[in-house]
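J.: Just passing along the structure, written as C-alpha cells.
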Amino acid sequence: MKQYILFFDIDGTLFDCAHGLNHVSQKLKTALCQLRNNGHLCFIASGRPYAYLNEEIRNLDFDGFVLCNGAIVLKDNKVLLSHYFDKKVISKIVKDLNQMDAAYCLDDIYEGYCPKKFKGMYDMLESFEVPLEHIISDYDLESVNVAKIEVKTFDDQSTNYIRNLAKEGYELLEYKGFNSFEINCPGVSKGKAILELLNMLNIPVENSIAFGDGENDIEMLQSVGCGIAMGNALPSVKEAADRVTETCVEEGIVKELQRMSLIEEEI
C-alpha cells in the first residue's frame, strides 16, 4: 500500500473556534489514529508555534509539525528546519513598534514573548485556546530567538509600517478588518517548508496531501500532491485547491479521507 504524508492546518481545519467547534471531534481523532495505524505520516502545518498548541493537539501523537507558517519543522521532537530573524532586525522592529504603541508577540518554538501591557494580545491568544503559561512577559530581547512576529496595530502609521515590511521582502499575512498581522523571514512559507521536508524524508510530492482553509495555506495546497480546501475556507483558498471538502463543523476531513479510501467508511 502506498504511504502518504498528510498535513493539517489547525484553526478552521482541525477545529473552528469561530463557529463554536473548540476541540477536535471524536470522529476526527479516530480518523487520525486510523491513518497512522495504516502506515501514513500525519503532520500539523500551522501558523502557530509549538507553544501555542493545546494539550489536546499535543496528545494526538502527530509525527511532526510545520510551525510558524513554515519557519520551524519538527519531527520526532527534533528540529529539522529553522528560519529565525536576525537579532539586529528584531531589535529594530521591536523598537519601532514600541514607539508606535503597536502590540506584539514574538514566537519561538516552545515559548512566546509578549509584554504584560498588551492585554488585548493575551485575550486574543486565550480565545484561540493558547496555553498562556507558555507566554513569557519578562524577557531579555537579545537572548531570545524569534521565528514569527504577531502584531496588532491601532492606527494608520503602524499599519503602513507593517505593510512596508512586505516591500522589504518579509513574508506578511494580514487579517484584514482586525488590524492583525503575522510576519516571517523572507522566503518562509508552509509550502516551501513542506517541499524541503519531503526532500529530506525522500517522499515523492505525489504522496503528499494537505488540508487548509486560510491564506497562509494557499502555497501549501499548491505545493503538495493533493491540496484540499475546507468548505469554510476563503474563496481564494478553494480556488487554489485541487478539491474542496465539507466544512470543519461538518467533518470535512473525515469525509474526504473516506472518499480517498485512506480510512474506514464508517467511524
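Bear in mind these aren't lab numbers, they're just calculated from the coordinates by the rules spelled out. Keep in mind the model is a prediction, meaning the values are calculated, not measured. Every residue, glycine among them, receives a Cβ derived from its backbone with ideal geometry; neighbour counts consider all protein chains shown.
J.: With only Lys, Arg, Asp and Glu charged, each at its Cβ (+1 for the first two, -1 for the last two), find how big the charge dipole of segment 87-184 is about the Cα centre; round to the nearest 20 debye.
T.: Values: 12 positive and 19 negative charges, 78 e Å.
My answer is approximately 380 debye.
J.: Which residue, chosen from Gly64, Leu41, Leu14, occupies the Cα position most advanced towards the positive end of the dipole of segment 1-86, where the dipole is computed from +1 (Lys, Arg) and -1 (Asp, Glu) charges on Cβ about the Cα centre?
T.: Leu41
J.: Take every DSSP beta bridge whose two residues both sit in the chain, then give the antiparallel share in percent to the nearest 5. Numbers along the way, then the final one.
T.: Numbers: 25 of 45 bridges.
Antiparallel: roughly 55 percent of the beta bridges in the chain.
J.: Give me the lysines in straight-line cross-link reach of Lys78: C-alpha distance below 30 Å, same-chain residues under 8 apart excluded.
T.: Lys2, Lys27, Lys29, Lys87, Lys88, Lys148, Lys190, Lys192
J.: Ordered by packing density, taken as the mean number of other Cβ atoms within 10 Å over each peptide's residues, highest first, how do 258-267, 211-220, 123-132, 49-58 rank? Each step should come with its number before you reach the end.
T.: Numbers: 258-267: 13.2, 211-220: 25.2, 123-132: 15.1, 49-58: 19.0.
Ranking the peptides 258-267, 211-220, 123-132, 49-58 by packing returns 211-220, 49-58, 123-132, 258-267.
J.: Before anything else, pin down the relative contact order of the chain: Cα pairs under 8 Å, at least 6 apart, normalised by residue count, whole percent. Show your work: numbers first, answer last.
T.: Details: 530 pairs, mean separation 53.7, N = 267.
In percent, rounded to a whole number, it is 20.
J.: Can you compute 3J(HN,Hα) from phi for each residue in segment 177-188, using the Karplus curve 6.51 cos²θ - 1.76 cosθ + 1.60 with θ = phi - 60°, rounded to whole Hz and x for Gly and Pro?
T.: Result, rounded to whole Hz: x, 10, 6, 10, 9, 10, 10, 10, 4, x, x, 8.
J.: Please work out whether segment 1-79 counts as rounded, prolate or oblate from its C-alpha gyration tensor, where a ≥ b ≥ c are the square roots of the eigenvalues and a/c under 1.5 means rounded, while otherwise a/b larger than b/c means prolate and anything else oblate? Before the final figure, lay out the partial values.
T.: On the way: a/c = 1.83, a/b = 1.09, b/c = 1.67.
Since a/c reaches 1.5 but b/c is at least a/b, the shape of segment 1-79 is classed as oblate.
J.: Calculate the FRET efficiency for Asp63 and Phe178 from the Cβ-Cβ distance with a Förster distance of 25 Å, rounded to the nearest 0.05. Mind dumping the intermediate values first?
T.: Values: r = 33 Å, r/R0 = 1.30.
In this case the efficiency is close to 0.15.
J.: Another one. Please order Glu239, Glu196 by the number of other Cβ within 10 Å, starting at the fewest.
T.: Values: Glu239 12, Glu196 15.
Exposure proxy ranking, most exposed first: Glu239, Glu196.
J.: Would you kindly enumerate the cysteines in the chain that have no other Cys beta-carbon under 4.7 Å from their beta-carbon?
T.: Flagged as lacking a Cys partner: Cys17, Cys33, Cys42, Cys68, Cys185, Cys226, Cys248.
J.: Of the options Pro204, Val254, Phe154, report the single residue whose Cα projects farthest towards the positive end of the charge dipole of the chain (beta-carbon charges: Lys, Arg +1; Asp, Glu -1).
T.: Toward the positive end, the furthest listed residue is Pro204.
J.: Please arrange Leu106, Leu141, Leu198 by how many other C-beta atoms lie within 10 Å of their C-beta, fewest to most.
T.: Values: Leu106 25, Leu141 13, Leu198 18.
Ascending Cβ contact count within 10 Å gives the list Leu141, Leu198, Leu106.
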